[in-house]
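For reference, the structure is listed below as structure tokens.
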Amino acid sequence: MFFSSVLIEVLEPSAKTLLEFLQNSPVVVFVMAFFIVWIGCWLPLAAIMAMTLNLRLNKPLQPEQKIPLLVSLYLLVPLVLWGINWLGLGSFADYGLIADFSIFGSLLLGFGLGVLGLVVVFIGQFNLGWCYLEKSNIKSILPILLPISLVALFVGGIEELIFRGFLLTNLEKDYPIWLAAMISSLIFAVLHLVWEQRETAPQIPGLWLMGMVLVLARLVDGGNLGIAWGLHAGWVWAIATIDTAELITYTGQVSEWVTGKNKKPLAGLTGIVCVLVTGIILWLFFPGTYL
């Protein structure tokens, strides 16, 4: 008891000083502190997993290697944000994650809109002869349906909590909403380079635009993350299902900059148009309470 009391007496002034510093520091410093703490907590786990998975720095990550690293990294996000909440520096509600059943309705709406948009894009490409459906592979969808759905919901939810939740909300304290949206979307796009550079680089403009549309999705949802989460998860689910089941084969009739460089829709004109049209639909048909 004596030692614990002494420890509290020693740490309490330091904790108060740190809290006061974070409260009075510019938003950029606070945001940087979040990412430093988050990555700092993850690095020991990453080192252990790298040895376990036999990773090599000079070789690209395989899906079976990337997914455990990604899941371990993203699982830490709610814990770090809970710590911020405990310090009184923000809350999940501030970031758009509300404890209300209405968020599930918004989630389903966004998911449906995201999947429908990609279905329309690929049907258009089928009709134009730019690609065709591998009908023999349709049967392989069922076994992967549940795991891909869970991964899509998890990845979409965590990334929205970080970039359209924590990051956007805090940047808005020092910047107008349009600039906060542009900065948070740029960070969102660039950080995707961490996992894969060659295939991700052509997607950077599309990822930035995707981030902007997801900001709009939060705005039209009255500041909640439901529609943005659903859209993000729907896009991830559709693309991951197509890639994993190898459902689409491109004919090469048009440049891959039209259909998507490296078979990535966001690296092509059709994917960018899909995201733009989604944004227009949100703007016209989902008027909400703007932040």
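Just so you know, all these numbers are worked out from the coordinates, no wet-lab data involved. Predicted, not measured: the structure shown is a model, and the values here were computed from it. With ideal geometry, Cβ positions are generated from the backbone for all residues, glycine too; neighbour counts draw on all protein chains shown.
Positive end of the charge dipole of region 100-291 (Lys, Arg +1 and Asp, Glu -1 on Cβ, about the Cα centre): tell me which of 193, 107, 133 has its Cα farthest that way.
133
Could you tell me the largest-minus-smallest coordinate of the C-alpha atoms of region 158-197 on each of the three principal axes, in descending order and whole angstroms?
32, 18, 11
Sum -39500 (n - 2.57) across every DSSP H segment of at least 4 residues in the chain, then divide by the residue count to get the 222 nm mean residue ellipticity, nearest 500.
Helix contribution divided over all residues of the chain: -23000 deg cm²/dmol.
Report the gain in length on full extension from residue 284 to residue 173: 0.36 nm times residue separation, minus Cα-Cα distance, nm rounded to one decimal. Can you show the working numbers first?
Details: separation 111, 0.36 × 111 = 39.96 nm, distance 2.72 nm.
So the extension gain works out to 37.2 nm.
Taking 22 Å as R0, compute the FRET efficiency from the Cβ-Cβ separation of residue 195 and residue 75 and round it to 0.05.
On the way: r = 16 Å, r/R0 = 0.74.
Plugging the Cβ-Cβ distance into 1/(1 + (r/R0)^6) gives 0.85.
If you place +1 on the Cβ of every Lys and Arg, -1 on the Cβ of every Asp and Glu, and leave all else neutral, what size is the dipole of the chain about its Cα centre, to the nearest 20 Debye?
680
Report the extension gain between residue 134 and residue 32 in nm, rounded to one decimal, defined as 0.36 nm multiplied by the number of residues separating them, less their alpha carbon distance.
Details: separation 102, 0.36 × 102 = 36.72 nm, distance 4.56 nm.
Difference between extended and current length: 32.2 nm.
What percentage of all Cα-Cα pairs in region 100-291 are separated by more than 31 Å? Spell out each step's value before the answer.
Values: 2828 of 18336 pairs.
More than 31 Å apart: 15 percent of the Cα pairs in region 100-291.
Once region 135-177 is represented by equal point scatterers at the alpha-carbon sites, with solvent omitted, what log10 I(q)/I(0) does the Debye formula produce at q = 0.14, 0.23, 0.31 Å⁻¹?
Result of the Debye calculation: -0.51, -0.76, -0.95.
Taking the Cα centre of the chain as the origin and placing charges on Cβ (Lys, Arg +1; Asp, Glu -1), which of 82, 241, 282 is farthest toward the positive end of the dipole?
Value: 241.
In whole Hz, what ³J(HN,Hα) sequence does region 156-172 give by Karplus (6.51, -1.76, 1.60; θ = phi - 60°), x for Gly and Pro?
Each residue of region 156-172 in turn: x, x, 5, 5, 5, 4, 6, 8, 8, x, 4, 5, 4, 4, 6, 4, 5 Hz.
Can you list the residues, at least 5 places off or on another chain, whose amide H is less than 5 Å from the amide H of residue 248, using H built in the peptide plane?
134
Would you please classify the overall shape of region 54-166 from the alpha carbon gyration tensor, given that a ≥ b ≥ c denote the square roots of the eigenvalues, rounded means a/c under 1.5, and beyond that prolate means a/b larger than b/c while oblate covers the rest?
oblate
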